[in-house]
1. Could you list, in sequence order, the residues of the range 267-277 that are surrounded by fewer than 24 Cβ atoms within 10 Å (Cβ to Cβ) and either in contact with a Phe, Trp or Tyr (Cβ under 7 Å, 6 or more places away or on another chain) or farther than 15 Å from R230 by Cα (or both)?
2. Taking the stated definitions as given, is I5 touching a helix residue (DSSP H, G or I) at 6+ places or on another chain (Cβ under 8 Å) and in contact (Cβ under 8 Å) with a residue 60 or more places away in the chain?
3. Go through the residues of the range 154-163 one by one and say whether even a single one is in contact with an Asp or Glu (Cβ under 8 Å, 6 or more places away or on another chain), touching a residue at least 60 places away in the same chain (Cβ under 8 Å) and assigned to a loop (DSSP other than H, G, I, E, B).
4. Has the range 60-76 got any residue that is outside any loop (DSSP other than H, G, I, E, B), surrounded by fewer than 18 Cβ atoms within 10 Å (Cβ to Cβ) and not aliphatic (A, V, I, L, M)?
5. For the range 225-237, does any single residue satisfy the condition of being touching a Ser or Thr at 6+ places or on another chain (Cβ under 9 Å) and within 23 Å of A153 (Cβ to Cβ)?
6. Considering R216, R183, which residue is surrounded by 19 or more Cβ atoms within 10 Å (Cβ to Cβ), basic (K, R) and closer than 22 Å to F77 by Cβ?
7. If only one of L111, L51, L149 is aliphatic (A, V, I, L, M), surrounded by fewer than 24 Cβ atoms within 10 Å (Cβ to Cβ) and either outside any loop (DSSP other than H, G, I, E, B) or not assigned by TED's automatic domain parsing to the domain that holds P253 (or both), which one is it?
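The values are calculated or read from the model by the stated rules, or taken from the named source; none is laboratory data. Note that the structure is predicted; figures quoted are calculated from it, not measured. Cβ placement follows ideal geometry from the backbone for every residue including glycine, while neighbour counts extend to all protein chains displayed.
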Amino acid sequence: MKLGIEIGGTKLQIFAADGAGQVQQRFRYAVDKQRGAEGILDNITQTLRQLHVPATAVGVGFGGPVNSDTGQISTSFQIEGWAGLNLMRWLQEQTQAQTIRVENDANVAALGEALHGAGRGYRHVFYVTVGSGIGGGMIVDGQIYHGALPGEAELGHLWLVPPGENTPGQTLEETCSGWAIDRQIRDMLPQLPTDSPLRCLVEAATNEGRVGGEARYLHPAYEQSDPVARMLIEQVGSVLALGLSHVTHLFHPQVIVLGGGLSLIGEPLRVAVKTALERFVMKAFRPAPLVFLAQLREEAVPIGALAML
């Protein structure tokens with residue numbers, strides 16, 4: 001039995017596959033930020049007890065910089081308690097598996113999309129995940145591109161506004177991540193007309209006890225011709241395209257794949273990114289790379305983690 005594990009900022013996914021790579025069991029847990037890394041490790045331990053047969057190989061996509069050679073976690077930008085943990089050693093103790101690989105989650109998702117998703121058939125594929133954070137991964141000829149340790153392609157940490165002596169600055173992640181968009185929607189909600197589809201959707205969810213994750217209502221509000229939803233999607237697409245223009249000028253991939261929870265906005269976001277990217281790329285590099293939506297969607301990391309094995 002092979003395991004593909006995603007350890008993210010909001011969810012933990014564990015896929016168990018047979019020797020042929022066919023997924024036999026799927027497990028998904030919401031991450032409790034209050035319990036931190038300990039809570040996630042407890043969920044993994046509980047899942048291991050539910051497997052039909054013991055795991056012989058484990059692949060992990062972790063939400064943050066890692067040493068892919070040793071399995072040592074550098075840090076998590078979302079969840080406390082990971083810094084300094086050797087996840088590879090911990091998994092060996094838990095499973096006795098012969099093969100264990102630990103990689104950054106965006107790298108793993110990039111591999112999944114390049115081999116089994118939207119990037120199939122292309123040699124140079126860049127994947128960006130836009131969810132609780134923003135990360136990136138570059139695949140060249142079916143292999144993960146690695147820079148110097150502890151990581152690479154941390155797209156979300158590109159500065160949009162550089163920090164000054166007395167100002168914090170602003171990164172792409174602080175502007176375009178799911179949490180950033182959630183906050184922006186919450187802040188502007190009281191200013192929206194009472195019949196605004198976006199406002200109605202968010203308030204209805206809040207009244208039912210579903211608080212947070214406001215960005216998920218952008219697409220249904222867009223479908224109802226909400227001008228604010230359209231404006232926000234175009235704004236996110238433009239800023240994200242600015243970050244991806246740097247990727248294009250550095251790596252010039254054939255294809256850019258949009259993944260992560262915010263990519264579920266779908267075609268309106270893809271078009272916004274593609275349109276803006278064409279403006280931001282220098283003339284010599286035009287036409288800009290193709291922009292596709294991820295095909296594996298929220299399964300990209302566990303599928304990619306299995307592909308590593």
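1. Of all residues in the range 267-277, those surrounded by fewer than 24 Cβ atoms within 10 Å (Cβ to Cβ) come to 267-268, 270-272, 274-276.
If the condition is that a residue be surrounded by fewer than 24 Cβ atoms within 10 Å (Cβ to Cβ) and either in contact with a Phe, Trp or Tyr (Cβ under 7 Å, 6 or more places away or on another chain) or farther than 15 Å from R230 by Cα (or both), then P268, K274 are the ones that fit.
2. yes
3. No, that holds for no residue.
4. yes
5. Checking the range 225-237: at least one residue is touching a Ser or Thr at 6+ places or on another chain (Cβ under 9 Å) and within 23 Å of A153 (Cβ to Cβ).
6. Criteria check complete, one pass: R216.
7. On the way: L111 fails: surrounded by fewer than 24 Cβ atoms within 10 Å (Cβ to Cβ); L149 fails: either outside any loop (DSSP other than H, G, I, E, B) or not assigned by TED's automatic domain parsing to the domain that holds P253 (or both).
Only one candidate qualifies: L51.
Table: residues versus (1) in the same structural domain as Q22 (by TED's automatic domain parsing); (2) surrounded by fewer than 17 Cβ atoms within 10 Å (Cβ to Cβ); (3) of a type in the set (G, A, S).
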position	(1), (2), (3)
L201	no, no, no
T206	no, yes, no
P227	no, yes, no
R230	no, yes, no
H246	no, yes, no
I265	no, no, no
A288	no, no, yes
